[in-house]
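Heads up, the thing below is written out as structure tokens.
Here, each number is a calculation from the coordinates, and none is a lab measurement. None of the values given here were measured: they were computed from a predicted structure. No Cβ is skipped: glycine too gets one built from the backbone with ideal geometry, and neighbour counts run over all protein chains shown.
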Amino acid sequence: MGQIVLEQVTKSFGDVTVITPLDLTIDDGEFCVFVGPSGCGKSTLLRLIAGLEDVTSGEIRIDGQGVSTIPPAKRGLAMVFQSYALYPHMTVRKNIAFPLRMAGLDRAEQNRRVEKAAEVLNLTDYLDRRPGQLSGGQRQRVAIGRAIVREPAAFLFDEPLSNLDAALRVGMRLEISELHNRLGTTMIYVTHDQVEAMTMADKIVVLRAGHIEQVGSPLELYRAPRNLFVAGFIGSPKMNLIEGAEATKHDAMTIGIRPEHISISADEGRWSGVVGVSEHLGSDTFFHVQDTGLGDTVTVRAEGDVSFKHGDRVYLTPRDDMIHRFDAKGLRIG
Amino acid sequence: MSTKASRSAARLMLAPAVILLLGWMLVPLTMTLIFSFQRYLPLRGGFQGWVGFENYVRFVGSSAFWPAVQSTVIIVGGVLLITVVLGILLAILLDQPMWGQGMVRILVIAPFFVMPTVSGLVWKNMFMDPNNGLLSHLWRFFGADPVIWLSDASMLSIILIVSWQWLPFATLILLTAIQSLDSEQLEAAEMDGAPALSRFRHIILPHLSRAITIVILIQTIFLLAIFAEIFVTTQGSFGTRTLTYLIFQRVLESQNVGLGSAGGIYAVILANIFALFLMRIVGKNLDR
């Protein structure tokens, strides 16, 4: 079991309010991702749940029980830190066994659980090494191992992949998702990378400046961003946001259209412009089209084999049913 | 320093410093070695012939030798114990955020700036004096008989004075070591259910082990040579005659340079054994 409920939680450091009153329910077994730009309070929120920081006001409940005054160790949560926070003087085996040793389990049980975790995480060959002798991905797995042996009510991940290189990050992303499917335990995952959020989450919580902008499944956020911030944050490359005359045509202050919902053609289309930079990813090509008369550069996604040169004149046509409309306050219309 | 020219230029420019340092070390060492094989009594005619290893045999054979080694070991060991234990505690305390942190840190380091002779005299006259010392007033305030520190508890007194001098050094090194500890490790241990004492034992102490070895290594080398504190307080009486002080007495009080030099060579060998032994430990700790 691991349902986590936040009720009117706030956090201030002196005069600086980091979390404004915030309500959130994370259901048992859910993979919940806190995402937002740096300084939005996502890590602080995680640390509040972990108990490493005290809430200024409000209540945190884990499985219905208020935990605001309970120390971190007693909350039944396990955390994986950004720096992994492995104990450098202990072997991998001792690192993973540390929480069990602190809990006073007997040695045989400790060993049994460590071996099991090591098997799950492919660490069996490395149990007698020290963290300094491991690669980044292996250290990451040790940190996860130390978390899973405790059989916690929920896992907390604080930007766990940000120290890994791009290829490893994709691999670990899959491993963590796989682990979640296998264990079925609640996981809360903090990241600033919206790709991680989209690929892993059951539920995404988009935060900005200490308050929640939107909560929903990845596709809900992608299809119906509630405001301009979410619209700009979720999706890669970013949604094109267009103001002015073109927006007024749609009875909106701002309209948004994703790069993948615009078609590009050499002959005809609704908007015309000149190709600037084009990024060829193989599977896709992104064109940054300038001089469209729509304000900013418009980003367009095309098939990988579509090829325009720098300076070519092109015509763009957005899919009308995929246009997002926002009012003067930046809120979604319709 | 990659080209041949720059390498030889570097050697050339380093040479004066290396030669000076080597000379500084080698000349006195060689002279001590030469004197140690001579019968050399400055006030009774000076050089009186070569005597081989006689000085060495006499120095070890004297009834003062083993007690001197013993007091050296006790003083060095006692000071190390006090400075390391208190140093760790003070470092942890100073690491806590508090008002006036910078000022407090400077004050804690202050004793290190006081010259050994001065601190010895201050302790002797202002704290440990049986009549007017601060400690005797304190004892009398509680109705107890004042301790005559420097004669009744001579060893303890010397250890206290020297510890007071070296505690700042230990604290400073250990404080910087504590500050380099990743706070996420402590938080991880807290999440793992380790109470404060276990966090200290399993996380902080192992993290400090390297710094502790360095403190022990450096202090041992300096403590083997403490002299001023003994000279201005007990003058080597009441069992506080260390090896260094014994050598001093042989050379200056007995005016026997040959015998003292032999003792000096023993001290050099002893210090090197210590250093070698400690370097091994440091080396082992650095491997991690």
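Any idea how far apart B:Ile221 and B:Ala196 come out in nm if each label point goes 7 Å out from Cα toward Cβ?
Here the answer is 3.7 nm between the modelled labels.
What does the highest-first list of B:240-246, A:166-172, B:230-236, A:260-266 look like by mean Cβ count within 10 Å?
Order by mean packing, descending: B:240-246, B:230-236, A:260-266, A:166-172.
Using only DSSP helix segments of four residues or longer, with each worth -39500 (n - 2.57), what per-residue ellipticity at 222 nm results for chain B after dividing by its residue count and rounding to 500?
Calculated at 222 nm, the ellipticity per residue is -22500 deg cm²/dmol.
Which whole-number percentage describes the relative contact order of chain B, with Cα contacts under 8 Å and a sequence gap of 6 or more?
Numbers: 315 pairs, mean separation 81.7, N = 288.
Contact order relative to length: 28 percent.
Charges on Cβ only, +1 for Lys and Arg, -1 for Asp and Glu, centred on the Cα centroid of the protein assembly as shown; of B:Trp24, A:Val18, A:His192, which one is farthest towards the dipole's positive end?
Most positive-ward Cα: B:Trp24.
What's the local net charge at A:Asp54, with K and R +1, D and E -1, over the other residues with C-beta under 11 Å away?
Summing Lys/Arg as +1 and Asp/Glu as -1 gives +1.
Could you point to the residue in B:Ser154, B:Pro116, B:Asn131 farthest towards the positive end of region B:1-159's charge dipole, with +1 and -1 charges on the Cβ of Lys/Arg and Asp/Glu respectively?
B:Pro116
Could you work out the relative contact order of chain A? I mean the mean sequence separation of Cα pairs under 8 Å and 6+ apart, divided by the number of residues, in percent.
Relative contact order for chain A comes out at 17 percent.
So how much slack lies between B:Leu156 and B:Phe47, counting 0.36 nm per residue of separation and subtracting their Cα-Cα distance, in nm?
Values: separation 109, 0.36 × 109 = 39.24 nm, distance 4.08 nm.
Gain in length upon complete extension: 35.2 nm.
May I ask you to evaluate 6.51 cos²θ - 1.76 cosθ + 1.60, the Karplus curve with θ = phi - 60°, for each residue of region B:180-191 and list the ³J(HN,Hα) values in order in whole Hz, giving x for glycine and proline?
For region B:180-191, the Karplus curve yields 7, 6, 5, 5, 5, 5, 5, 5, 4, 5, 5, 4 Hz.
Show me, for region B:117-123, the HN-Hα J-couplings you get by feeding each phi into the Karplus relation (A = 6.51, B = -1.76, C = 1.60, θ = phi - 60°), rounded to Hz, glycine and proline as x.
4, 5, 5, x, 5, 4, 5
What is chain B by shape, rounded, prolate or oblate, if you read a ≥ b ≥ c off the alpha carbon gyration tensor as root eigenvalues and call it rounded for a/c under 1.5, prolate for a/b larger than b/c, and oblate otherwise? Kindly include the intermediate steps, with their values, before the conclusion.
Working: a/c = 2.22, a/b = 1.22, b/c = 1.82.
Note, shape of chain B comes out oblate.
Which cross-chain or sequence-distant (5 or more) residues have an amide H under 5 Å from the amide H of A:Gly36, H modelled 1.01 Å from N in plane?
Close amide H contacts, sequence-distant or interchain: A:Thr191, A:Leu207.
Taking Cα centroids, how far is region A:90-162 from region B:251-269 in Å?
Each part's Cα centre sits 59 Å from the other's.
Top mean-square fluctuation among B:Leu20, B:Leu86, B:Leu134, Gaussian network model of chain B, C-alpha springs under 10 Å?
Looking only at B:Leu20, B:Leu86, B:Leu134, the biggest GNM fluctuation is shown by B:Leu20.
Mean residue ellipticity at 222 nm from the helices of chain A, using -39,500 (n - 2.57) per DSSP H segment of n ≥ 4 over the full residue count, to the nearest 500 deg cm²/dmol?
On the way: 9 runs with 88 residues, N = 334.
The helix contribution divided over chain A gives -7500 deg cm²/dmol.
For A:His211, which sequence-distant residues (separation of 5 or more, or a different chain) have an amide H within less than 5 Å of its own amide H, given hydrogens modelled in the peptide plane?
Counting only residues 5 or more places away or on other chains, the set is A:Thr20.
So how far apart, in nm, are the two label points at B:Ile273 and A:Glu115 if each is 7 Å from Cα heading toward Cβ?
4.8
Helix A:166-183 sits at what angle to the longest principal axis of chain A, using alpha carbons and giving 0 to 90 degrees rounded to 10?
60
Using R₀ = 60 Å, calculate the FRET efficiency as 1/(1 + (r/R₀)^6) where r is the Cβ-Cβ separation of B:Phe65 and A:Asp202; round to 0.05. Can you show the working numbers first?
Values: r = 79 Å, r/R0 = 1.32.
It comes to 0.15.
Please work out the C-alpha center-to-center distance from region A:178-246 to region B:1-58 and express it in whole Å.
Between the Cα centre of region A:178-246 and that of region B:1-58, the gap is 75 Å.
Per-residue Cβ counts within 10 Å, from other chains only, averaged over A:77-90: what number is that?
Numbers: counts 1, 3, 6, 2, 7, 1, 5, 4, 11, 4, 8, 6, 9, 3.
Across the residues of A:77-90, the mean count of other-chain Cβ atoms within 10 Å is 5.
Quick one: Karplus J couplings for region B:152-159, per residue in order, coefficients 6.51, -1.76, 1.60, θ = phi - 60°, nearest Hz, x for Gly and Pro?
7, 10, 4, 4, 4, 4, 4, 4
Using the alpha carbon gyration tensor of region A:242-296, what are the three equivalent-ellipsoid semi-axes (square root of 5 times each eigenvalue), largest first, in whole Å? Show your work: numbers first, answer last.
On the way: eigenvalues 101, 31, 23 Å².
Listed largest to smallest, the semi-axes of region A:242-296 are 23, 12, 11 Å.
Per residue of A:50-61, how many C-beta atoms from partner chains lie within 10 Å of its own C-beta, taken as a mean?
On the way: counts 3, 3, 7, 0, 0, 0, 0, 0, 0, 0, 0, 0.
Mean partner-chain Cβ count within 10 Å for A:50-61: 1.
How much length is gained on full extension from A:Asp284 to A:Glu59, taking 0.36 nm per residue of separation minus their Cα-Cα distance?
Details: separation 225, 0.36 × 225 = 81.00 nm, distance 4.68 nm.
So the chain would gain 76.3 nm between A:Asp284 and A:Glu59.
Counting Lys +1, Arg +1, Asp -1, Glu -1, what net charge surrounds B:Arg39 among other residues with beta carbon under 14 Å of its beta carbon?
Taking every other residue near B:Arg39 into account, the sum is +2.
Considering chain A as a Gaussian network with a 10 Å cut-off on Cα pairs, which listed residue, A:Ala50, A:Ala97, A:Ala245, attains the greatest mean-square fluctuation?
It is A:Ala245.
Give the average, rounded to an integer, of partner chain Cβ atoms located within 10 angstrom of each Cβ in B:200-213.
Counting Cβ atoms of other protein chains within 10 Å of each residue's Cβ and averaging gives 2.
Hey, if you drop one equal point scatterer on each alpha-carbon of chain A and run the Debye formula without solvent, what base-10 log of I(q)/I(0) do you get at q = 0.14 Å⁻¹?
Treating every Cα as an identical point scatterer, log10 I(q)/I(0) equals -1.09.
Around A:Gly295, what is the net charge, scoring Lys/Arg as +1 and Asp/Glu as -1 over all other residues with Cβ under 12 Å from its Cβ?
Surrounding charge for A:Gly295 is -4.
Pick from A:His192, A:His250, A:His180: which residue has the top mean-square fluctuation in a GNM of chain A where Cα pairs under 10 Å get a spring?
Sorting by GNM fluctuation, first place goes to A:His250.
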